[in-house]
Amino acid sequence: MSAGSDLDGDDGLAIDTALGALSRDALRAAEARMASDPVFRASVEEWQRLLAPLDEATAPVSPSPEVWSRIMSVIEPAPRVAAKPSIWSSLNLWRGLAGASTAVAAVTAILLIARPDTPAAPQLLVANLASEGGVSLITATYDASREAIILTPAGKTDDAGRTPELWVIEGDNPPRSLGTIDLASPESHAIPAERLKGLKPGSTLAISLEPKGGSKTGAPTGPVVATGKLTGI
Amino acid sequence: MSGSAMLVTLLDRAGAGDTAAFKNLYDATSAKLFGVILRILNERGEAEDVLQEVYTTVWRKAAEFDAARASPITWMATIARNRAIDRLRARGSRPTTALDAAADVPDTSLPADQLIDASDDARRLHAALDTLDARHAAAIRSTYFEGLTYEALAVREGVPVGTLKSWVRRGLLRMQGAMA
């Protein structure tokens with residue numbers, strides 16, 4: 001793309017797409033176009049390559065360590081338990097001692113020879129569900145390795161004859177029901193494992209009071225009596 | 001093994017399902033990608049959500065990575081920018097961070113003349129940017145680093161959107177010519 005570029009046509013659109021300077025809908029349309037039009041895609045990628053060195057002017061910032069455990073809980077939702085110590089765990093320790101990122105290259109070089117066994121630690125997530133006023137109602141502990149949630153009552157609420165229902169709010173998604181619970185004896189209600197799959201730190205659990213048998217609409221209809229955020233421990 | 005070749009190897013192994021290689025890839029690249037995302041979103045919690053999405057995408061798509069078409073870091077940083085911009089657009093009419101409040105977030109930019117370790121590509125790119133009219137260069141930087149739309153930047157600059165678009169597109173074309 002040199003002299004004679006058609007800036008009002010695809011060449012301009014390729015620049016706009018590489019920069020991301022368009023509306024959300026226009027960018028999605030451009031991405032769909034890239035998937036079906038190799039010429040357009042190559043043009044966008046050429047501009048991406050040209051612009052990419054600008055990122056060197058952006059200072060790196062370390063994310064909090066929690067992000068990695070959240071990623072692992074998504075990509076490996078059912079970790080193997082009771083994994084035996086492996087060469088990888090000793091390498092991990094060694095890398096921890098070495099500390100610096102320069103160690104990564106050395107570790108990698110070794111890994112290329114010794115393909116590691118890669119157990120992931122069982123993950124526990126806990127949420128303290130409390131009322132708006134801060135009164136604890138229940139503690140929820142999610143054990144990813146067992147795909148089970150354990151509910152421990154921490155206080156009492158007047159459910160006024162209605163059925164408490166447990167919800168999870170993941171990102172910008174609407175609340176998803178995990179099922180109805182009994183606040184007096186929460187252990188009597190098993191929540192199906194498939195509903196618990198993929199529960200992540202940072203998601204919010206909430207309890208609403210619903211008509212007998214739970215919400216009929218698939219969304220909370222009654223008052224929300226407690227909420228709490230899941231955090232890894 | 002060069003840094004880039006190392007990342008190609010790690011991506012390749014991640015594509016084959018090797019979580020340990022993927023962890024190495026994360027350790028080697030997450031701070032850079034997080035810087036890129038944070039600069040666009042200016043909000044740490046939201047930026048960490050996006051970072052998580054980016055790496056789960058990288059994990060899923062690692063096997064599709066084609067070293068002939070992009071360097072690994074460009075490929076990953078492009079995913080990061082696109083996700084951050086998508087999240088920024090999804091805020092929609094939600095009030096964006098006012099300039100006063102934005103003062104809480106550290107400015108993660110580095111002046112071009114302090115790019116001590118800058119690659120040759122980066123030096124040439126900044127040199128080419130510096131040949132443009134200052135307002136045109138600033139418009140290119142704002143769209144790239146802040147993830148602004150032409151419309152938003154045109155309002156900020158007090159110029160018609162067509163004018164701003166022309167500054168950016170023609171400016172980039174000139175830069176490309178200067179670097180060829």
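At-a-glance table
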quantity	calculated
Of all residues making up segment A:5-25, the number that are part of a loop (DSSP other than H, G, I, E, B) and farther than 20 Å from residue B:148 by Cβ	4
Residue selected from segment A:63-78 under the condition touching a residue at least 60 places away in the same chain (Cβ under 8 Å), more than 7 Å from chain B (Cβ to nearest Cβ) and in contact with a Ser or Thr (Cβ under 9 Å, 6 or more places away or on another chain), by the criterion surrounded by the fewest Cβ atoms within 10 Å (Cβ to Cβ)	A:78
Segment A:30-62: number of residues that are among the hydroxyl-bearing types (Ser, Thr, Tyr) and surrounded by fewer than 19 Cβ atoms within 10 Å (Cβ to Cβ)	2
Failed item, numbered, when residue A:86 is tested on (1) at pLDDT below 60; (2) open to solvent by 30 Å² or more (accessible area, probe 1.4 Å); (3) more than 7 Å from chain B (Cβ to nearest Cβ); (4) on the phi < 0 side of the Ramachandran plot	(2)
Of the criteria (1) open to solvent by 60 Å² or more (accessible area, probe 1.4 Å); (2) acidic (Asp, Glu); (3) in contact with a helix residue (DSSP H, G or I) (Cβ under 8 Å, 6 or more places away or on another chain), which one residue A:147 fails	(1)
Some residue of segment A:160-175 being farther than 30 Å from residue B:88 by Cα, open to solvent by 30 Å² or more (accessible area, probe 1.4 Å), in contact with a Gly (Cβ under 9 Å, 6 or more places away or on another chain) and modelled with pLDDT under 85	yes
Segment B:167-180: number of residues that are more than 8 Å from chain A (Cβ to nearest Cβ) and more than 17 Å from residue A:20 (Cβ to Cβ)	2
Candidates A:141, A:152, A:180 - the one that is open to solvent by less than 40 Å² (accessible area, probe 1.4 Å) and out of contact with any Phe, Trp or Tyr (no Cβ under 9 Å at 6 or more places or on another chain)	A:141
Matching residues in segment B:43-86 - criterion: being more than 22 Å from residue A:43 (Cβ to Cβ) and either open to solvent by 40 Å² or more (accessible area, probe 1.4 Å) or not in a helix (DSSP H, G or I) (or both)	B:43, B:44, B:49, B:53, B:59, B:60, B:63
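The values are calculated or read from the model by the stated rules, or taken from the named source; none is laboratory data. Please read all numbers here as calculations on a predicted model, not as lab measurements. Cβ: placed from backbone, ideal geometry, glycine included. Neighbour counts: every protein chain shown. To get the accessible areas, we keep the full protein, side chains included, count just its heavy atoms, and leave off ligands, DNA and RNA. Shrake-Rupley method; radii C 1.70, N 1.55, O 1.52, S 1.80 Å.
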